[in-house]
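What follows is a single structure, written as structure tokens, with notes after it.
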Amino acid sequence: MSVPEYIELEGGDHLPRVGFGTWQAPPDVLEKAVEAALEAGYRHFDSARAYENEDALGRALNRWIGGDPAKRKKLFVVTKLPPSGNRPESVEEYFEASRRDLGLDYIDMYLIHVPFAFEHVPGDLHPKNPDGSMKMDHSTDLVGVWKKLLKLKESGRVRHVGVSNMNEEQLSRLCAVEKPACLQVEVHVLCQQKQLIAAANRLGIPIVAYSPLGSKELADALAAKTGRDYPNLLELPTVLKIAKAHSRTPAQVLLRYLLQHGVACIPKSTSPSRIKENISLWDFELTKNEMQELAALDRGENGRICDFAFFVGAEKHPEFPFKK
Ligand SMILES: NC(=O)c1ccc[n+]([C@@H]2O[C@H](COP(=O)([O-])OP(=O)(O)OC[C@H]3O[C@@H](n4cnc5c(N)ncnc54)[C@H](OP(=O)(O)O)[C@@H]3O)[C@@H](O)[C@H]2O)c1
């Protein structure tokens, strides 16, 4: 089964199906990793204001661009409105801060990161109450925020706008105004999001899979905090067996599964060899049987890792997207 390397977007832009994740990479480490990623052939970079490392990504990208507009055009840079900016009147300020730190004239895709909102506290993207819960803003007007993103697109400072972490009902609500250019959500073999992907397919919205390898740092941190067991995707017997059969790594099997499944993916690594490995996915193919074996690993909602439980109080927000 051949997989196209790009998703074609409105206006003929191309979103590479394998992108580079940047969450939890400290700025100095990220800068070097982005250089390695550019060298390995990545052109799609996934960032977010909330990751607090947009400036490092911007420095590495701008060194590569070297002021050449033709090189800039080859990149597809995504960043996201943080939860503390989820108010129509805050969008402009947060977007401009991202654009400034990335050092780019325009952003290729701007996403609403999550549907819930924090209070706006200058200088603090994750404001907390004394008891450790988040300072939530329950007055969120999601459609109003979405309309502001559409205005940004009209202004030419962003080429495409989309969403992340939305459920089917939220997607439909936004689609009544205008269809998002993509939906970025957690997808991997244990959390395959079959119903949501089917809904997005019906609406014609491409899916970008985050945490495609199971986000080990997050899973380890959550396991230490909650005592819950988070299986390591890279050590699942089915994945190991299929990797051996193709002389590939477990990570390559997990990523190739997503590509053959029709979704794009944005693995994160700061190791040059793993960065290369994660984009070397185009010269092997999983069989129908192997695809079925991997599909059977789905644990539905129980397979979700990034459930935002680390934002204590977010689950009470009226727009919290996940149901237990
Ligand atoms: N929209 C959202 O709310 C949201 C949420 C989560 C993530 N994201 C985006 O999605 C990206 C990817 O998700 P993620 O960072 O959560 O997790 P991930 O890509 O599933 O996993 C990253 C982990 O896997 C390790 N790794 C990477 N390649 C490997 C390989 N070939 N073999 C073995 N281990 C490997 C990395 O370690 P090394 O770095 O040491 O290689 C890191 O510990 C993020 O960076 C971010 O851009 C978005």
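The values are calculated or read from the model by the stated rules, or taken from the named source; none is laboratory data. None of these values were measured; they are calculated from a predicted model. Cβ coordinates were reconstructed from backbone atoms using ideal geometry, including for glycine residues, and neighbour counts include every protein chain displayed. Calculation scope for accessible area: heavy atoms of the full protein, side chains included, ligands and nucleic acids excluded. Shrake-Rupley method; radii C 1.70, N 1.55, O 1.52, S 1.80 Å.
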| Subset of the stretch 165-197 [touching a Pro at 6+ places or on another chain (Cβ under 9 Å) and among the polar types (S, T, N, Q)] | Asn165, Asn167, Gln170
| task | Return yes or no: is Glu186 within 15 Å of the ligand (Cβ to nearest atom), open to solvent by 60 Å² or more (accessible area, probe 1.4 Å) and within 19 Å of the chain's Cα centre (by Cα)? | result | no
| For Asp141, are the conditions met, namely being open to solvent by 40 Å² or more (accessible area, probe 1.4 Å), within 16 Å of the ligand (Cβ to nearest atom) and within 21 Å of Pro83 (Cβ to Cβ)? | no
| Among strands (runs of 3 or more DSSP E) lying entirely in the stretch 1-76, which contain 1 or more residues that are surrounded by fewer than 20 Cβ atoms within 10 Å (Cβ to Cβ) and more than 16 Å from the ligand (Cβ to nearest atom)? | 6-8, 14-16
| In this structure, does Ser164 turn out to be of a type outside the set (A, V, I, L, M) and more than 14 Å from the ligand (Cβ to nearest atom)? | no
| field | Residue satisfying all of: in the stretch 280-296; assigned to a loop (DSSP other than H, G, I, E, B) and surrounded by 20 or more Cβ atoms within 10 Å (Cβ to Cβ); nearest to the ligand (Cβ to nearest atom) among these | value | Leu281
| Within the group Gln252, Gln170, Gln192, which residue is open to solvent by less than 40 Å² (accessible area, probe 1.4 Å) and within 13 Å of the ligand (Cβ to nearest atom)? | Gln252
| message | Condition first: in a loop (DSSP other than H, G, I, E, B) and not β-branched (Val, Ile, Thr). Now tell me which residues in the stretch 297-311 satisfy that. | response | Leu297, Asp298, Arg299, Arg304, Cys306, Asp307, Phe308, Ala309, Phe310, Phe311
| Among Ser247, Ser269, which is the only one that is touching a Phe, Trp or Tyr at 6+ places or on another chain (Cβ under 9 Å), on the phi > 0 side of the Ramachandran plot and small (Gly, Ala, Ser)? | Ser247
| message | I'd like to check something: does the stretch 205-220 contain any residue that is open to solvent by 20 Å² or more (accessible area, probe 1.4 Å), more than 18 Å from the chain's Cα centre (by Cα) and more than 9 Å from the ligand (Cβ to nearest atom)? | response | no
| Of all the helices (runs of 4 or more DSSP H) wholly in the stretch 195-267, which have at least 1 residues that are under 18 Å from Glu293 (Cβ atoms)? | 237-246, 250-260
| query | What number goes with the only condition from (1) over 19 Å from the mean Cα position of the chain (by Cα); (2) away from the ligand (no atom under 11 Å from the Cβ) that Glu235 does not pass? | reply | (2)
| said: Looking for something in contact with a strand residue (DSSP E or B) (Cβ under 6 Å, 6 or more places away or on another chain) and basic (Lys, Arg) - is there at least one such residue anywhere in the stretch 256-273? | reply: yes
| query | Within the stretch 222-232, is there a residue that is of a type in the set (Ser, Thr, Tyr) and buried (at least 16 other Cβ atoms within 10 Å of the Cβ)? | reply | yes
| task | May I ask you to list the residues in the stretch 259-277 that are crowded, with 18+ Cβ neighbours inside 10 Å, more than 6 Å from the ligand (Cβ to nearest atom) and under 20 Å from Trp23 (Cα atoms)? | result | Val263, Ala264, Cys265, Ile275
| query | Which one of the conditions (1) surrounded by fewer than 20 Cβ atoms within 10 Å (Cβ to Cβ); (2) within 19 Å of the chain's Cα centre (by Cα); (3) modelled with pLDDT of 95 or more does Val177 fail to meet, given that it meets all the rest? | reply | (2)
